[in-house]
Amino acid sequence: MGAPDQLRIDSRQEADRVVLALVGELDMANSPLLQRSIESPELQETKTVVLDLQGLTFLDSTGLRIILSARELCWRRGQEFAVTPGSQQVQRLLSVTGVGEHLRTLATADEVLA
Amino acid sequence: MAASSANALSNGRLCVTEGPLQDACLPADGLPRPRGDIWEIPFAGADLFELRQLVWSWATKEALGGEATEELVLAVHEVATNSVRHGGGVGMLRLWRTGEELVCEIQDAGYIRDPLGPRHLPGSEAAASRGLWITEQICDLVEIASSPRGSQVRMHKRLD
């Protein structure tokens, strides 16, 4: 079983933002997939990057670190960065580490940033 | 516990122990070996996904609650990830049940130089990179034995 099989990343471009929807499980084995998506050229010019975690069923500390580095990269580029809530397990990890408090969270990927 | 959930990791085995553990990488001051049925599953880096599924199936079958099961799965995964990264690339997962709790133990060849480290509260971003610290937060008890010969991390979850 190849590790990347457990994660799919659907990217969609909207007016002034790119939404990366994570579907499946994000862990040490497949976090490079997310890293590559975040560094892709299509993300460089957009105003806002949204990581849609609604289809994410598992997240570990490695994946969380990649999400934080994505936020840093967006900040350095002057972009807005936001996430949507993931599964109960994902929310638990965000809350136990305190990272959730530092992430801008939208109710859904369709919500417009104020 | 049913061996059927071990299909993915077919080299897992159920063993009953009475004497001391003989493994080569046992810490010099290893944790006391429990008596009774223990399920042993060796793993490597490519097995983490299946390892999570296996722990989830076992804990669910043992009637641990949904949220507690997710926490146990994450805890085992984080410690197993450390084995893959820092503990020689492979490890042994052991699962057993006592009267009141489920216990998961991971043994590997790594050396945890500061077993008390996880108890210090790091900042939230540092927390994200510390699997062992996360494990401490989501288990009812974590026991660690470590020496240059290897490490054991034993995670306990109460059955309510």
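Cβ crowding within 10 Å, taken as a proxy for footprinting-reagent exposure, orders A:Cys74, B:Cys139 from fewest neighbours to most as A:Cys74, B:Cys139. Full extension of the chain segment joining A:Arg76 with A:Gln88 gains 1.3 nm, where the gain is 0.36 nm per residue of separation less the Cα-Cα distance.
For chain A, the Cβ-based charge dipole about the Cα centre amounts to some 240 debye (Lys, Arg positive; Asp, Glu negative; other atoms uncharged). Between A:Phe81 and A:Val49, the built amide H atoms are under 5 Å apart, and every one of these is 5 or more places off in sequence or on another chain. Contact order, relative form, for segment A:61-108: 36 percent (alpha carbon pairs under 8 Å, 6 or more residues apart, mean separation divided by residue count).
Counting other C-beta atoms within 10 Å, which of A:Ser11, A:Ser31 has the fewest, and how do the rest follow?
Least crowded to most crowded, the residues run A:Ser11, A:Ser31.
Measuring nothing but how far apart in sequence close Cα pairs (under 8 Å, 6+ apart) lie, relative to its length, segment A:4-114 scores a relative contact order of 25 percent. Between B:Lys61 and B:Thr98, the FRET efficiency estimated from the beta carbon spacing at R0 = 22 angstrom works out to 0.90. Put simply, chain A fits an ellipsoid with semi-axes of 20, 16, 13 Å; these come from the alpha carbon gyration tensor as the roots of five times its eigenvalues, largest first. Residue order for A:Met28, B:Met92, B:Met155, fewest other beta carbons within 10 angstrom first, comes to B:Met92, A:Met28, B:Met155. Counting Cβ atoms of other protein chains within 10 Å of each Cβ in A:57-67 and taking the mean gives 5. What FRET efficiency, computed as 1/(1 + (r/R0)^6) with R0 = 25 Å and r the Cβ-Cβ distance, is obtained for A:Glu39 and B:Val90, rounded to the nearest 0.05? Rounded to the nearest 0.05, the efficiency is 0.20.
Bear in mind these aren't lab numbers, they're just calculated from the coordinates by the rules spelled out. Model, not experiment: these values are computed from the prediction. Every residue, glycine as well, gets a Cβ built from its backbone with ideal geometry; the counts of neighbours run over all protein chains shown.
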